[in-house]
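Report on the structure given below.
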Amino acid sequence: MPVGTFRRAGSAMLVVLIAVSVLFPLAWMAIAGFKGKDEVLRSPFQFFPDMWRWSNYTAILKDHTFTRAMIVTFVGALIFTVLSLVVNSMAAYAFARLEFRGKRFWWVYCIMPMFIPTMAILLTSFVVVSKLGMLNTMAVLIIPGVASAAQMFFLRQYYLNFPIAVEEAAMIDGANRWQVFLRVFLPQSAAPFVVVGIASYLAYWNAYVWPILTITDPSLTQIMQFLGTFRSDRGNDWGMLMAGSTLASLPTVLLLLIFQRYIVNGVRISGMK
Amino acid sequence: MALLDSNRAAASPKAPGAVPRRVGARRQDNLTAYLMIAPMVVLLGVFVMWPLAYSVYLSTFEISFYKAPKFVGAQFYKYVLESADFWHSILIGLSYALLVVPTGIVIALLLASFIKTLSKRVAAFMKVTVYLPAVVSTVIASVLFTFMYQDAGVVNWFLSLINHAPIAWLNSPQWALPAIAVPGIWLGFGITTLILLAALLDIPDSYYESAMLDGANFFQRLRYITIPLLKNVLLYLFVTGFTLAIQMLDLPLIMTNGGPTGATTTPNFYIFNSFRELTPYATSYSLTASLLLFVVLGAISIVIFRLIRSDKAVDG
């Protein structure tokens with residue numbers, strides 16, 4: 001059918017267009033990793049290097065500080081993501097589905113942190129965690145950010161959309177609220193969990209200022225802290241920074257490839273019909 | 001009293017008792033609910049509320065490296081509120097958010113609708129691809145876009161194709177803000193697209209099928225099925241989008257340094273600048289300004305919450 005062919009060609013072109021506009025900057029970053037120190041920022045703009053040199057990539061891969069920072073940050077990011085999904089989804093369910101005394105007050109209390117500018121509490125947060133003796137531990141990187149108003153808000157909005165009938169059916173069968181949450185809501189949260197989970201993971205992975213404030217122990221150095229050294233101590237080595245950023249983005253891309261499959265047709269509504 | 005009552009009656013279009021309220025029929029679950037919110041409440045209490053209270057306390061003192069802190073009450077609040085630069089930065093932040101958020105959501109909605117129609121394989125590729133800009137750090141995106149905006153950059157090359165003189169994007173007061181809004185949209189539309197895709201996939205196909213049988217076109221389906229059913233998610237996207245956009249710091253910091261003539265001085269850039277200025281009391285002043293920004297963000301969010309009401313669960 002000509003209309004079908006036309007439509008197909010159109011959507012293929014759109015796919016290519018979007019892919020190019022998104023992948024171009026990434027390709028530039030990866031290729032800039034092959035450039036020399038002052039070549040990256042040279043004007044006018046140049047896509048390919050004068051000479052392809054592997055030295056930036058090999059230097060970073062041989063650097064044990066880099067490997068350790070990748071592992072430490074990756075493990076921290078995974079723990080952080082799981083903990084925040086547990087804490088925030090529980091609160092989200094309560095705010096979306098339960099009636100309780102003081103609900104409005106606690107709702108405002110839990111949503112308010114979303115509007116607090118980082119600058120307003122950055123220094124005093126540092127004072128608080130140092131009073132709690134948390135400096136230079138994994139805990140100081142993970143725990144303070146676990147409760148997230150934005151993530152809880154997202155999951156609550158998602159749970160508001162769940163049909164009431166599903167919940168009522170389970171409760172008529174004698175399930176209590178915990179069982180409804182664990183057996184009805186959680187199994188059908190894969191898509192929203194992947195979406196906010198990746199956001200949490202990235203927030204942890206890309207954190208820069210907080211690790212710099214709280215971590216001085218070299219064995220806990222985070223990946224962005226490591227990359228930051230190319231911009232200060234070692235005098236703005238853009239080639240190294242680009243090579244390091246490219247390597248540092250690989251685990252995230254891998255996770256995206258694995259988890260994108262969960263963002264598919266929800267089973268809950270189709271299963272009900 | 002009578003006036004107050006009539007106001008209230010006018011505010012709620014439904015007569016009381018006309019519609020049986022579902023919420024009232026549900027029993028309370030105090031204990032379960034408290035246990036479920038407890039971890040979040042405690043963590044926020046320790047790591048957000050405590051530092052916040054401490055910041056508010058500190059903002060009533062004059063802190064300088066050379067002298068002992070001195071209590072000054074609300075004096076810094078007065079300084080900030082009387083500063084024209086502070087209000088100007090709020091205005092810039094709002095303009096930036098108005099450029100970035102609605103555009104980003106519209107693009108993401110179109111893109112998500114498009115991905116939904118693709119085959120499984122291509123859809124998988126697109127789901128990963130659209131998210132990739134978020135993986136690149138803001139620093140790298142800023143550097144790259146600065147290149148593209150140069151006089152001899154890619155953007156002006158496109159202008160030359162339509163015989164237009166090059167524009168000094170980052171150096172012209174009227175173009176600088178839109179110019180930094182583009183990377184702002186680019187960095188954020190991936191997550192927005194995935195969120196909307198996840199929500200779109202939850203709308204049963206049968207709704208669209210029956211609408212198409214009734215002869216509804218694409219825009220009618222969008223207007224009467226998609227948007228109403230996405231209301232809960234859209235509320236989230238608007239509130240978080242505005243909150244984050246108004247607080248943008250990295251892009252103006254790297255691309256324009258707040259200029260030209262303050263055209264890209266967002267609130268956080270203003271606060272950051274007053275913090276690094278070496279005047280005495282820079283700490284107290286910037287702390288107070290950021291606390292006042294918190295109030296502004298809260299107020300804007302209340303307006304958005306009012307505009308998009310979404311407190312009801314959907315009756316399946």
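Below, the figures for the structure above:
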| quantity | calculated |
| --- | --- |
| Members of A:Lys131/B:Lys70; A:Lys103/B:Lys231; A:Lys62/B:Lys120; A:Lys131/B:Lys67 lying beyond 29 Å, as alpha-carbon distances in this model show | A:Lys62/B:Lys120 |
| Amide H within-cut-off set for B:Phe61, under 5 Å, with H built and near neighbours excluded | B:Val72 |
| Tilt relative to chain A, helix A:64-97 - C-alpha long axis, 0 to 90 degrees, to 10 | 20 |
| Where labels lie 7 Å past Cα in the beta-carbon direction, separation of B:Val46 and B:Thr261 in nm | 5.2 |
| Helix axis angle, A:2-32 relative to chain A longest principal axis, alpha carbon, degrees | 50 |
| Kirkwood hydrodynamic radius over Cα pairs of chain A, then Stokes diffusion coefficient at 37 °C and 0.692 mPa s, in µm²/s | 148 |
| Folded to 0 to 90 degrees: helix A:190-205 orientation relative to chain A principal axis, Cα | 40 |
| Alpha-carbon centroids, the stretch B:207-224 and the stretch B:97-169: separation in whole Å | 30 |
| Dipole in debye (nearest 20) - the stretch B:147-287, about Cα centre, beta carbon charges: Lys, Arg +1; Asp, Glu -1 | 220 |
| Cβ-Cβ FRET estimate between A:Ala27 and B:Ala299, R0 fixed at 41 Å, reported to 0.05 | 0.45 |
| Distant-in-sequence amide H partners of A:Glu99 (H built 1.01 Å from N, under 5 Å) | B:Asp29 |
| Estimated inter-spin distance, B:Phe218 and B:Val154, nm [label 7 Å along Cα→Cβ] | 2.6 |
| Within the stretch B:178-214, backbone nitrogen closer than 17 Å to the virtual label 7 Å beyond the Cα of A:Ala169 toward Cβ | B:203-206 |
| Pairwise label distance in nanometres, B:Asp85 with A:Glu99, each label 7 Å out on the Cα-Cβ vector | 5.3 |
| For the stretch B:236-250 and the stretch A:19-42, distance of Cα centres in Å | 28 |
| Part-to-part distance (alpha-carbon centres) for the stretch A:71-129 and the stretch B:277-311, which is given in Å | 19 |
| Span-rule helices in chain B, defined as complete DSSP H runs reaching 24 Å or more along the axis (Cα) with Kyte mean at least -1.0 | B:84-117, B:176-200, B:282-307 |
| Rg followed by Dmax, in Å, when the protein assembly as shown is reduced to its Cα trace | 25.4, 83 |
| Fraction of the pair-distance distribution of chain B above 39 Å, Cα-Cα pairs, percent | 31 |
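We did not get these values from a lab; they are worked out from the coordinates using the rules stated. These numbers come from a predicted model, not from an experiment. Backbone-built Cβ (ideal geometry, glycine too); neighbour counts: all protein chains shown.
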